[in-house]
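One structure below.
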Amino acid sequence: MSPNELPQHEELVDEKLVISFFLAALGYLFVSMLGGFLMALQLIRHFPFPGVELLSPGRWRMIHTNVVAYGFLANAFLGALHWAVPRLTLRTVLSKRLSWFIFAAWQVVVLSTAIGIMLGQAQALEWGETPVWIDPLALAGLLLVAVNFMAPISRLTGPMYVTLWYFMAAFVWTFLTYAMGNFMPQYFVTGTAAGAVGGLFIHDLVGLFVTPLGWGLMYYFVPIMLKKPIWSHGLSLVGFWGLAFFYPLNGIHHFLYTPIPMFLQYAAIVATIAVELVVTTVLINFFATLKGSMSALVTNMPIRWFYSGMVFYFLTCLQCSFQTTLTFQALIHFTDWVVGHAHMVMFGVFSFWLLGVMTYLFPRLLKTEWASQKMLSWHYWLSLVGITLMSADLIVAGPFQGYSWAQLLPWEVSIELSIPFWAVRLVAGLLMFSGLLVFLTNIGLTWAKSRKLSHVAANV
Amino acid sequence: MILEKKSGVLFIAGLVFFGLAFVSNAVVPALMYKKLPEKTAEQLVTVNGNLRYQFEDLARRWPEAFRAAFGEIPPEEGNEREKWLNRACADALRKGRDVYVAEGCWHCHSQFIRPVSNEDKRFGPVSKSDEYQNELQRPVLFGTRRVGPDLIREGGRHSNDWHAVHFFKPVTLSTGSVMPEYPWLFDGSPDKPNKKGLALMTYVQWLGSWLESYPYYQDYQENLVLKLKAEVRR
C-alpha cells in the first residue's frame, strides 16, 4: 500500500470518545482522591463529618480503591486504547457505536459501584468490593471491550508488535481475573482456599490488567516520541513472556503466614523474586532506548512522566522482592509499609504513565497547544513530590508499627507513633490532589483556547 | 515465532499460564481443604454455648431493642425456645457479618493470628484452617491491614455494653482511638442498639468463641510501658 491508500487518522480514531474516556477518568481520580482525603482526616482524628453514614470513612476507603481501579485506570486505559489500537493496526475497532455503548455502560458500572458501596452493599473481596449484583454486568462489559478491540487485531497477519502482545493478553487475563476473583470465593470455595483466590485476585488485578496495558502503552508511545525503535526486540520477548509466566504465580504472597499450605507460600515468594529479574530486563531495554536522547527528559513532558513512572516501577518491584520474603513479612505485614508500596505502584507508576499519555494526547485531541507549559510542570512536580513523600513516609512508618506490635506494647502506642506519619501522608496527598487540580485547570484553559481558535477559524 | 503470534499470546500466555497459576494457587488449596466441611451459620450456633450466652445477654440488656429486631423469645423453656434462639442467633450472625463487610471493618481489623511477631502472645492461638471453613468466611475476611487490633480472638474479651458504647463513639472507651463512629447502628444513644448494632455485636462476640479456652486477653509488657511513661515524664 502506498501512504495515500493507508487509512487516515480521522477514520481510525474517534477523538470525542477518547476525550470522553479521559475526562471521565480524571473525574473519578478526583472522587477517589477525595475518598483518600476523608480517610486520611479520620486517621489524624480530624474527620469533619463524624457519624454521617453516607460519608463514613470506612466506606469511602473502599470507594477510594475501587474508583481508582475501575473509574480512573480503566477509563484512562480505554481512552488510550481507542487511540493506540486503531492507529497501530490501521483498522477501526469493531464498531464505534459499540465503543460509545461501552463508554456509557462502564460509567454506569463505576457509578453503581461507588453508590452501592456508599449505601453499604460492599462485597467482602478486597479491591473488588463492587456489590455482588454488579459483577456480571462488569464482566459483560469486559467481554465487549475484548471483542471490540480484538476485531482489528485479529485481522493482522504474521508476527505482531510488542504492544499488541500485552494488549491481547490483557483482554484475556482481565476477564478471567475478574470472573475468578468475584465469583469463586463468593460462590464456590470458602475459608483458607478463598483467601488464596483473594490474594490471586488482588495480585492479578495489578499484574494482569493494569501492568500489561501500561507496558503495552509504553512500548507504543516511547518509540514514537523518541523517534527510534525499542533497543532490543529480544529483551521485549523476555519481558513479556517472563511476566506472563511468573506474575500470575505470585498471588499467595499477599497472605503469608496464614493457614494456606507453606509450600504454596514458598512458591509464591520464589515467583515474586523472579518477577523482579524479569522487570530488570524490561527496564534495561527502555533505558537503553533512552540512551542518546536523555534531553527528552527535560524537554518532553510525557517522556518525563513515563520514565519517572519506570523508575518507580523498578523501585516497587525491588521493594517487592524484599518484602515478599518471610523475614520482612513477619515485621511489615499489616503495616503502612504495604500501603506505601501500593500507592507507589498505583500512582507513581500507572497513574504517571496515564497522565503522561494524557499530557501527550490532549493537545492533539483538542488541536491546540497546552494553554500553560508552566502548569504542566507544576502538575508533574506536585505529583512527583507528593507520591515520593507519601510512599517514603508510609514505608518508614511500617517498621515502627511492626516493631511496636512485636514488642507487645499496648495498641495505643502504635496509633500514637503513627499519627505524625499519617499527618505527613495527608500533606503528601494534598500535594498530589493540588497537582490534579492544576492539570484539570490547564485542560479547561486549553479547551477554552481551542474553542476560541476554531471560532476565529470559522469567522475567517 | 509462535511467541510473537496471536495463537501464542492468546493461548499460551493468556490461557495456559493463567490456568497454571489458577490450578496451583487456587485449585490446589481448594482440593486440600475439601475434606473440611463448610459449616452453615446454624451449625456454628448449635455447638457454641459461648455465642448463645452472648446472644441471650443482648436480650437481657436491651429487651425492647432485641424484641424489635428479632421478635419475642418463646417464654417457656424447652425445644421450641432453643430452636427459636438458634435460628435468631444464626440470622444475627449473617446480618452482623454483612454490617462488618459493609462498613469496611475488615480493612482496619485483620482476622488471622500469625505464628510470628509475638502475635500468639498478644492475641491468642495461631489461626488454623478449619476455623475458617464456614459460610461466614465466604469470601474470607483475613484482611491485609491492622490499624486496629486483630479481631479473630475478640469474642468474650469485652462485654456487649462495652461494644455498644464503643461502636457509638470509640474514643469514650479507647483513648486516642482513630476508629470512626457508627451511630447509625443505634436509635440515638448507645443504650438503644438497632438490629444492625445487635447483629454486629453478635458477630464480633462470635469471633474466637469456638475455641476451648476462651476468651483470650491482650498481653503486653506492663513494665516496659511504665518505663516508657517515666522516661516521657522526665
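No lab work stands behind these numbers, since they all come straight from the coordinates. This structure is a prediction, so every number in the text was calculated from the model and none was measured. Neighbour counts are summed over all protein chains in view; Cβ atoms, including those assigned to glycine, are modelled from backbone coordinates with ideal geometry.
Observations, loosely collected:
- Farthest toward positive dipole pole in segment B:26-91 [+1 Lys/Arg, -1 Asp/Glu at C-beta], among B:33, B:59, B:79: B:33
- Compactness of segment A:48-97, taken as the C-alpha radius of gyration over 2.2 N^0.38 Å, stands at 1.85.
- Projecting the Cα atoms of A:260, A:270, A:314 onto the charge dipole of chain A, computed from C-beta unit charges around the Cα centre, puts A:314 farthest toward the positive end.
- Residue A:187-residue A:9 FRET efficiency (beta carbon distance; Förster radius 60 Å; 0.05 resolution): 0.85
- Cβ-Cβ FRET estimate between residue B:192 and residue A:143, R0 fixed at 41 Å, reported to 0.05: 0.25
- Cα-based reach from residue A:367 at 20 Å (exclusive), listing aspartates and glutamates while leaving out same-chain residues under 8 positions away: A:10, A:11, A:14, A:15
- Estimated purely from DSSP H runs of n ≥ 4, each contributing -39500 (n - 2.57), the mean residue ellipticity at 222 nm for chain B is -12000 deg cm²/dmol once divided by its residues.
- Along chain A, the longest continuous region that contains none of the trypsin sites (Lys or Arg not before Pro) in a DSSP loop with at most 12 other C-beta atoms within 10 Å is A:1-154.
- Taking label positions 7 Å along the Cα-Cβ direction at both residue A:298 and residue A:104, the computed distance is 5.0 nm, reported to one decimal.
- Dipole moment magnitude, nearest 20 debye, segment A:10-158 about Cα centre, only Lys, Arg, Asp, Glu C-beta charged: 140 debye
- Euclidean distance between Cα centres, segment B:131-185 to segment A:189-213, Å: 26 Å
- Lys/Arg +1, Asp/Glu -1 at C-beta; segment B:38-233 dipole; positive extreme among B:69, B:136, B:151: B:151
- Check: the protein assembly as shown dipole with +1 on Lys, Arg Cβ and -1 on Asp, Glu Cβ, in debye: 1820 debye
- Grouping the Cα pair distances of the protein assembly as shown into 10 Å bins from zero gives a pair-distance distribution of 3, 14, 24, 26, 17, 10, 5, 1, 0, 0 percent in increasing distance order.
- Distance from segment A:280-343 to segment B:40-62 (C-alpha centre basis), Å: 51 Å
- Net charge dipole size for segment B:114-234 [Lys, Arg +1 and Asp, Glu -1 on Cβ; Debye, nearest 20]: 460 debye
- Loop-resident sites, segment A:95-129, for chymotrypsin sites (Phe, Trp or Tyr not before Pro), counting at most 11 other Cβ within 10 Å (DSSP): none
- Estimated at 0.36 nm per residue, the fully extended path between residue A:133 and residue A:291 surpasses their Cα-Cα distance by 51.9 nm.
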